[in-house]
Amino acid sequence: MSPNEHSALLIAAHGSTVNPDSSAPTLAHAAEIRRRKIFAKVECAFWKEEPSLRDALFLFDPESIREVYVVPNFISEGYFTQTVVARELELDGRITKRSNGQLWRYCEPVGNHPLMTELLLNRARDVAPDVDPAETSLLIVAHGTDLNENSAVAAKREVEKIRSLGKYAAVLNVYMEEPPLVSDWRKLAKTHNVVVVPFFISDGLHSYEDIPVLLGIANGGSRTGLGAAPGEVFRRNPYKIDDRSLFYAPSIGTDPGFADIIIEQALSAKS
């Protein structure tokens, strides 16, 4: 793929003021895309970290960069992609022409890409390589909320797609804050093996602590890493609970394949 010397990529993400790991995957994906030299410039901007989304308006020289592709590194279409990012970047819609002549193309969020299904299957296989899917329940965990129904849409879509493949004994979408609850996994999953994949952009307090507590594989006595190094919870597989084996994977957004998705979301907006 030949580089475009007049186009830039901006990856818009949430970030966090309390969790330094929140922006790590986005920065890593940006570094990989930069290495491939597809765009003249690749930058990141965050809602809760620096550089801010507002700062991104000044990251690209209009003399040399004529087009900017904005890819939201979010799991689903929702409040942040539809309202916050668009407002902070002063976007009028899918295509915004600045007064300086620069063209900004607002792309689909990464969670909408068809490749997401393959990444989820790969992650489930990687965390439990020796189990038979036909004897395994796969649980995709999303946040869930009563404030924006779109937060659950992407998870439901992926579960339906994976379920239709017939590889796993059961494929379920579960949530932290709405039914079906991840804390009810013992009742929801009937198989001996259970694989849990968090449908999140990054590993943070939800994947390090909240979900493990809800699963019963951590005691919740700390908000600083369960008394262990961040990420240790993913290295203790399998967890033996009630004569069953539970495998817990890192968040899907940490998969290196997200770099490919970000690129494809940008290039698809070019046509």
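The values are calculated or read from the model by the stated rules, or taken from the named source; none is laboratory data. Just so it is clear, the structure is predicted and the values come from calculations on it, not from any experiment. Reconstructed Cβ throughout: ideal geometry from the backbone, glycine too, with neighbour counts over all protein chains shown. Accessible surface is based on the protein model in full, side chains and every heavy atom, while ligands, DNA and RNA are left aside. Shrake-Rupley method; radii C 1.70, N 1.55, O 1.52, S 1.80 Å.
Looking across region 112-148, the residues that are small (G, A, S) and touching a strand residue (DSSP E or B) at 6+ places or on another chain (Cβ under 9 Å) come down to A124, A128, S137, A142, G144.
Of the residues Y79, Y106, which single one is modelled with pLDDT of 95 or more and either farther than 23 Å from V171 by Cβ or crowded, with 22+ Cβ neighbours inside 10 Å (or both)? Step by step, each of Y79, Y106 is checked, and only Y106 is modelled with pLDDT of 95 or more and either farther than 23 Å from V171 by Cβ or crowded, with 22+ Cβ neighbours inside 10 Å (or both).
Taking the criterion of being at pLDDT 80 or above, of a type in the set (A, V, I, L, M) and not in a helix (DSSP H, G or I), the residues of region 213-228 that qualify are I217, A218. Candidates in region 1-47 are the residues that are in a loop (DSSP other than H, G, I, E, B) and more than 25 Å from P250 (Cα to Cα); of these, the one that is most open to solvent (accessible area, probe 1.4 Å) is M1. Taking each residue of region 100-111 that is farther than 11 Å from A12 by Cα and in contact (Cβ under 8 Å) with a residue 12 or more places away in the chain and looking for partners that are open to solvent by less than 20 Å² (accessible area, probe 1.4 Å) and of a type in the set (D, E, K, R) with beta-carbon atoms closer than 9 Å, six or more apart or interchain, yields G111/E158. One residue stands out among those in region 251-271 that are open to solvent by 40 Å² or more (accessible area, probe 1.4 Å) and closer than 19 Å to S202 by Cα: the one that is nearest to the chain's Cα centre (by Cα), which is T254. Contact annotation: residue pairs with Cβ atoms under 7 Å, 6 or more positions apart or on different chains, pairing a residue in region 200-223 that is within 18 Å of A189 (Cβ to Cβ) with a partner that is modelled with pLDDT under 90, are P212/A218; P212/L226; V213/G220.
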